[in-house]
Amino acid sequence: MTGTIIRKEILENILSYRFPLFLIICVLLIVSAFYVNYIDYSKRLNDYNEQKRLSADAIAASRMWDVTSGSVALKAFRPPAPLSVVAYGFERSLPLYYEFQTDGFKAGETSVGDESILSILGRIDFVFILEMILSLIVLLFASDMVSGEKEMGTLRGTLSNSVPRHALLLGKLIGGSIAVWIPLLIAILLGMLLLDVSPYPLLTPPIPVNLLLILGSAFVFIFSYFTIGIAVSASTSRARTSLIAVFLTWIVLQLIIPKLTDVIASAVRPIRTETVVSMQKSLLLKSLDEERGKILGERYEHIFGAGAKISTEPGTPEERAQWDAFKKEVDERYKVRKARELAGIDEKYEKEKEAQRAIANSISLVSPSAAFSRLVTDLAGTGELAKLGYLDAVRRYSTTLQEQLYSHVDRTTLILPSGGTASMSSIDKMVDLHTLPAFTVSPQGAGEVFAADAGSLISLAFWLVGPFIVAFVRFLRYDVR
Amino acid sequence: MIQALDLTKRYEDGHLALDHLNLSVQPGQIYALLGANGAGKTTTINLFFNFIEPTSGTATISGIDCTKNPLDAKRHAAYVSENVMLYGNFTARQNLDFFTKLAGRKDLKREEYYMTMREVGLPERAFEQRVKTFSKGMRQKLGIAIAILKQAEALLLDEPTSGLDPKAAADFIDLIVRLKTEGKAILMSTHDIFRAKEIADCVGIMKEGVLIMEKTNQDLAGEDLEKIYLKFMEVS
């Protein structure tokens, strides 16, 4: 029975004028989005390779001192995510690189500046097409599946047979979804074919698996919008009312909730900007360096006498030994203090950001689109996880550089009580820059993504099951007269 | 057999649509239900197909309670409405295929569909034509074809000739009479007093949910059904 209804739904959709229209829209949008984003990915990959090569050349031509003094910067480049052709995510707003300094790291430029004003309209990728265009079309498709058939009278004809209502609804859901997925799959396959004939690493792990997971998520997303449409249709008796209701539902779920989440989260939990935090850290470093400089300057004059000349070998060997011991103890103390206080600022800021992010995430989960975006961009390696993963890798690399490179450089500024300042720099071990480990950032595996995006998965599951139950309950009591 | 026993329907807003209706249609009989719009004719048919549930009383088809076992009951009944609504993008054969499969007949061949369509008088060119191009008469014929292929013992028709041109209506009535001779129990609501008298074995007149008159064709022999009908309609 359900099989007959499924076949009828598929055939009815295929024979309607909507099907070829939907097929054309899907093929045009998806194939062109795959192509345009592939071109963009290739360009970014070339840029990445070129920048990495130039940076490596600059480092190869430099000495340790050039790097530690900051005249040549060590940089951590992030390779563009291959699956950005499907889900663009934060790809353009992420820094192209992070630059390392003796006292930490800072973000390099992004490629946002290269875009035209039209980019404010949003970038066309598979996720955008699904969320902004296909979700609406699917809702419109589903909106008349019950109320439209009631108006036409075919629902009475169908239910005059021994058809259980649950079987009829199930058949409509499955058949309607398959009919929607046929054009979508054709378009996706054409898009992938295009990628396959291009020099794109389509079959290089983990791309195929992640791509399949993205398509699976897309199926759940589209199916959830389909069930929302049917639930609305089964709650109204006229196709026109149903159409207005699904349109309003789409606006709320698709436009209002996702856009409001960040605004609400910022209002509920305001946080400092990155720039303010960076300035606070700079001020802290400056103040600690000054404090250290004063202590050292005072002791320098105490040991070597006021007005003693600043040199690498001042005073007698005994005086130098006394100075070295004192300086070592002060350096160690301030090194620990600096690290502790900087970590304190970072930790506090991360907590603030995490709290704000948690609020935004929780609110956004009310919308299937927000949950879908988060999950898919994370699977594509262009989402929140990629952003945090990049930053974490940079932090780890910074610690490595501190241990293996910057800790061997001592740069001290003495603030002398008799007036004036003096700077001393020394290197206790020459480091061959080629021996430094290369920066790597590995993409998150599917398991990590699912663990991190459990909220999104729950939200999608809710939007899959919730409207399904509503549709069933409403349809079992639906007045077919 | 189609039977209503004290069948009553009162809607949630308090409106009494059907008040203790009792009627019985035997195999090989046509029962014509007459009445003004809102008299309860369609409500009666809705109750037999469980489109709505009765407030009290029972509706049975072939002895099966339509409320308690609606799916079983519907296996034995076919429905033709005033406007047989079909899937416009499907051809006549595709519509037949869908509805007969729903009725549980999954083994029919294309030729059998064609044969039934010929039987109800649909032109050959219409068999594989999209139904959205069909006239109302053609749709009604296709509706009857669906009912025939369902092979149900009972046939419930809701104003099936309303809006048909005289020729189409006459063709349709011929089909109904033929089905009667095949032993079907037919309950037909209609506004067509003349046809009702001509073909029905029993005529019932409904007013405001009540069956106010029921006569067999023998009782009506020599009587003017139109006058009787109008007399009942005038009585307040």
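For the residue pair residue A:212 and residue B:135, what label-to-label distance in nm results when each label sits 7 Å from Cα along the Cα-to-beta-carbon direction?
Label-label distance for residue A:212 and residue B:135, simple model: 5.8 nm.
Once both axes come from the Cα atoms, what is the angle between helix A:2-15 and the longest principal axis of chain A, in degrees from 0 to 90, rounded to 10?
That works out to roughly 80 degrees.
Quick one: of the DSSP bridges fully inside the protein assembly as shown, what percent are antiparallel, nearest 5?
Beta bridges within the protein assembly as shown, antiparallel portion: roughly 65 percent.
Per DSSP H run of at least 4 residues, take -39500 (n - 2.57); add these up for the protein assembly as shown, divide by its residues and hand me the 222 nm value, nearest 500 deg cm²/dmol.
-18000 deg cm²/dmol, from helical runs alone.
Using only the alpha carbon atoms of the stretch A:126-175, find the Kirkwood hydrodynamic radius as the inverse mean reciprocal pair distance, in angstroms to one decimal.
The Cα-based Kirkwood calculation yields 12.3 Å.
Can you tell me the order of B:94-101, B:170-177 when each peptide is scored by its average per-residue count of other Cβ atoms within 10 angstrom, highest first?
Packing proxy ranking, top to bottom: B:94-101, B:170-177.
Take peptides A:190-196, B:62-68 and line them up by average Cβ neighbours within 10 Å, highest first, as a rough protection proxy.
A:190-196, B:62-68
Note down the nm distance, to one decimal, between modelled labels 7 Å out along Cα→Cβ at residue A:404 and at residue A:427.
For the pair residue A:404/residue A:427, the computed spacing is 1.6 nm.
Looking only at Cα atoms, what is the convex hull volume of the stretch B:1-148 per residue, in Å³?
Roughly 131 Å³ of hull volume per residue.
Given R₀ = 22 Å, what would the calculated FRET efficiency be for residue B:13 paired with residue A:477, taking r from the Cβ atoms and rounding to 0.05?
0.85
Among the lysines, select those whose C-alpha is under 21 Å from the C-alpha of residue B:68, and discard any that sit fewer than 8 residues away in the same chain.
Here the lysines satisfying the reach criterion relative to residue B:68 are B:9.
Rounded to the nearest 0.05, what FRET efficiency do residue A:46 and residue A:247 have when you use their Cβ-Cβ distance and R0 = 60 Å?
The pair residue A:46/residue A:247 has a calculated efficiency of 0.90.
Kindly list the residues of the stretch B:180-203 that lie in the label zone of residue B:115, defined by a backbone N under 18 Å from the point 7 Å along the Cα-to-C-beta vector.
B:182
Given +1 on the Cβ of Lys and Arg, -1 on the Cβ of Asp and Glu, and no further charges, what dipole in debye does the protein assembly as shown carry about its Cα centre, rounded to the nearest 20?
Dipole about the Cα centre, nearest 20: 720 debye.
On a 0 to 90° scale, report how tilted helix B:92-102 is relative to the longest principal axis of chain B, with both axes built from alpha carbons and the result rounded to the nearest 10.
So the helix axis and the longest Cα principal axis differ by about 60 degrees.
What is the helix-to-structure angle for A:239-250, meaning the angle in degrees between its Cα long axis and the longest Cα principal axis of chain A, kept from 0 to 90 and rounded to the nearest 10?
Computed tilt is about 10 degrees.
Using 0.36 nm per residue, how much length does the chain from residue A:282 to residue A:451 gain when fully extended, once their Cα-Cα distance is taken away?
Full extension from residue A:282 to residue A:451 adds 57.2 nm.
Using label points projected 7 Å from each Cα along Cα→Cβ, tell me how many nm separate residue A:325 and residue B:234, to one decimal.
Placing both labels 7 Å beyond Cα along the Cβ direction yields 13.4 nm.
Answer with one residue from A:129, A:162, A:189: the one whose Cα lies farthest towards the positive end of the charge dipole of the stretch A:77-231, charges on Cβ with Lys, Arg +1 and Asp, Glu -1.
A:162
Using the count of nearby Cβ atoms within 10 Å as a rough guide to exposure, how do A:423, A:242 rank from fewest to most?
Ascending number of Cβ neighbours within 10 Å: A:423, A:242.
Mind checking which lysines have their C-alpha under 28 Å from residue A:75, skipping anything on the same chain fewer than 8 residues away?
Here the lysines satisfying the reach criterion relative to residue A:75 are A:43, A:52, A:106, A:281, A:286, A:335, A:338, A:348, A:351, A:353, A:387, A:429.
Ranking B:119, B:111, A:131 by Cβ neighbours within 10 Å, fewest first, what do you get?
B:111, B:119, A:131
Could you tell me which residue out of B:162, B:176, B:216 lies farthest along the dipole of the protein assembly as shown toward its positive end? Charges go on the beta carbon: Lys and Arg +1, Asp and Glu -1, centred on the Cα centre.
Farthest towards the positive pole: B:216.
Can you give the mean number of other chain Cβ atoms that lie within 10 Å of the Cβ atoms in peptide B:83-89?
Per residue, the number of nearby Cβ atoms from other chains is 6 on average.
Going toward the positive end of the dipole of the protein assembly as shown, with +1 on Lys and Arg Cβ and -1 on Asp and Glu Cβ, which of B:121, A:253, A:108 do you reach last?
Of the options given, the answer is B:121.
Over the stretch A:310-368, what number does the Rg to Rh ratio reach, with both radii from the alpha-carbon atoms and Rh per Kirkwood?
Across the stretch A:310-368, the Cα-based Rg/Rh ratio is 1.52.
Return the ratio Rg/(2.2 N^0.38 Å) for the protein assembly as shown, where Rg is computed over Cα atoms only.
In units of the globular-protein estimate, the protein assembly as shown measures up at 1.50.
Values in this text are rule-based calculations from the coordinates and carry no lab data. Nothing here was measured: the structure is a model prediction, and the numbers come from that model. Methodologically, a virtual Cβ is constructed for each residue, glycine included, from the backbone with ideal geometry; neighbour enumeration extends over all protein chains shown.
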